[in-house]
Amino acid sequence: MLDALVVGAGPSGSRTAWNLAKAGYDTVLIDTAEIIGEPCQCAGLITPRTFDYLGYERPILQEMDGARLWGPKDSYLDFRASETKALVIDRPDLDRSIANKAVDSGAKLLHGHTYLGHEKIDGGIRSEIKNKDGKFTLESKLLFGSDGPLSRVAKNSGIRAKREILTAFGADVEGYQGRDNHVDLFVGSDLAPRFFGWGIPTGPNEGRIGLATTLPHRPMSFFRDYFRKGAPSKLLGGAKIVNLISGMIPFGTANPSYTDNVILTGDAAGMAKPTSGGGIYSGLISADAAFEVADRALQLGQFDSKTLSPYQDLLKQRIGGELSKGYHLRKAFLSLNDNQLAEIIEMLGEPNVKKVIEKTGDLDYASLAAFSVLKEQPKFIKFAPLLLKPFI
Ligand SMILES: Cc1cc2nc3c(=O)[nH]c(=O)nc-3n(C[C@H](O)[C@H](O)[C@H](O)COP(=O)(O)OP(=O)(O)OC[C@H]3O[C@@H](n4cnc5c(N)ncnc54)[C@H](O)[C@@H]3O)c2cc1C
């Protein structure tokens, strides 16, 4: 019987497998994809902190120290920090690099292998797996569900979370007239209702653009409009689509994110941040917490949910505070109409407020900037008094 079967070789699953294999546990990592990291479902924006946390670096396409925030009225605010706030990376390359670390540490990686379901057996779990040759089973003491937003492991384990699922659509384009080292963010109900759109320069005259929204809206029609009207069209005149991407972003932490013999990590556990939709950094944090709990369970030879329960506390301590503040901010954001959004953007442009954002803005810890802005300009509380109260 294996010590661990990890389903999903995204950042959180590969990091989990890497940790387990490094500690000497007999680990198999499977992914339905034939090529790890493909198809890419990501804008590839991470903080420098993510590489520090990961413990190594990968090639950087651009360093971002600025952002343009485009409001519903097509005007924009320009923020410029004195340090690099985000890095544009090749996301498939990142995924493959972490999976390679797992393999180099002794994990067995099976491409083109899909987890179908599992049953409890004496001392562990029997998982059913399908590849191009047919179906077979693997037995393991622990099963890790690192299988993304629609986690089948979570579903088959009876782990349910109250979720808001965003759908995203985007593209790599040639002819994007972004500003070097600046991310473009688009807000407003005509552009990207209930979330936002983005434009990220990746090189001279090229970039990644996209948006996410929630039902009943669908992202594709708003994406088409990017080329035809409003603020994005000003940056995309004549741009050519090179490669389309789509995907889902789940908000809502599974609590608990474990059950007997099973632990969820990353998007499967609801680690994506409700402020930015980013989930790579928080997914890595969940992977490390999952490993710590699994290591103890494997040493004890006990895999019941009580033994795995410290996982939830670790998640709460290490990332839960930011996720829960993010939910408050998201609720406040959803309560705003376009006129209020335009008013807020104008207020964010006040020199003292702008300075605070440039200093404290942080993709991983967006609540820090929100808190600092409210402290600097308490007038913002009028937009959602109850929802913003936890920040003051
Ligand atoms: C359009 C878009 C843009 C984004 N941009 C950013 C960004 O710029 N920065 C950021 O930090 N985050 C971003 N995110 C979020 C980020 O991509 C996720 O939070 C992150 O990928 C979660 O990592 P994970 O390891 O939990 O899951 P995933 O990366 O989703 O990996 C899950 C893996 O499981 C595999 N899998 C699924 N089901 C099975 C199965 N049954 N059997 C076997 N394998 C299976 C999949 O093939 C996949 O490889 C974006 C998301 C979207 C949709």
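The values are calculated or read from the model by the stated rules, or taken from the named source; none is laboratory data. Small disclaimer: the values here were computed from a predicted structure and weren't measured. With ideal geometry, Cβ positions are generated from the backbone for all residues, glycine too; neighbour counts draw on all protein chains shown.
Data for the structure
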quantity	calculated
For residue 14: the one exception among (1) out of contact with any helix residue (DSSP H, G or I) (no Cβ under 7 Å at 6 or more places or on another chain); (2) near the ligand (Cβ under 8 Å from one of its atoms)	(1)
Selection status of residue 50, within 9 Å of the ligand (Cβ to nearest atom), at pLDDT 95 or above and not assigned by TED's automatic domain parsing to the domain that holds residue 281	yes
Pick from the range 56-80, criterion of a type in the set (Gly, Ala, Ser) and either in contact with a strand residue (DSSP E or B) (Cβ under 7 Å, 6 or more places away or on another chain) or not assigned by TED's automatic domain parsing to the domain that holds residue 190 (or both), ranking: surrounded by the fewest Cβ atoms within 10 Å (Cβ to Cβ)	66
Criterion violated by residue 180 - all others in (1) within 20 Å of residue 91 (Cα to Cα); (2) part of a strand (DSSP E or B); (3) of a type in the set (D, E, K, R) satisfied	(2)
Among residues of the range 158-170, those that are crowded, with 22+ Cβ neighbours inside 10 Å and of a type in the set (Gly, Ala, Ser), counted	2
Candidates 116, 143, filtered to the one that is under 30 Å from residue 253 (Cβ atoms), modelled with pLDDT of 95 or more, among the aliphatic types (A, V, I, L, M) and surrounded by fewer than 18 Cβ atoms within 10 Å (Cβ to Cβ)	116
Out of 224, 228, 194, 179, sole residue that is under 24 Å from residue 66 (Cβ atoms), more than 14 Å from the ligand (Cβ to nearest atom) and either basic (Lys, Arg) or modelled with pLDDT under 90 (or both)	179
Inter-residue pairs, beta-carbon under 6 Å, first more than 13 Å from residue 146 (Cβ to Cβ) and in the range 22-40, second more than 9 Å from the ligand (Cβ to nearest atom) and hydroxyl-bearing (Ser, Thr, Tyr), 6+ apart	22/105
Conditions (1) in contact with an Asp or Glu (Cβ under 7 Å, 6 or more places away or on another chain); (2) modelled with pLDDT of 95 or more: number failed by residue 72	(2)
Selected residue (only one of 267, 295 is charged (D, E, K, R), in the same structural domain as residue 156 (by TED's automatic domain parsing) and surrounded by fewer than 23 Cβ atoms within 10 Å (Cβ to Cβ))	295
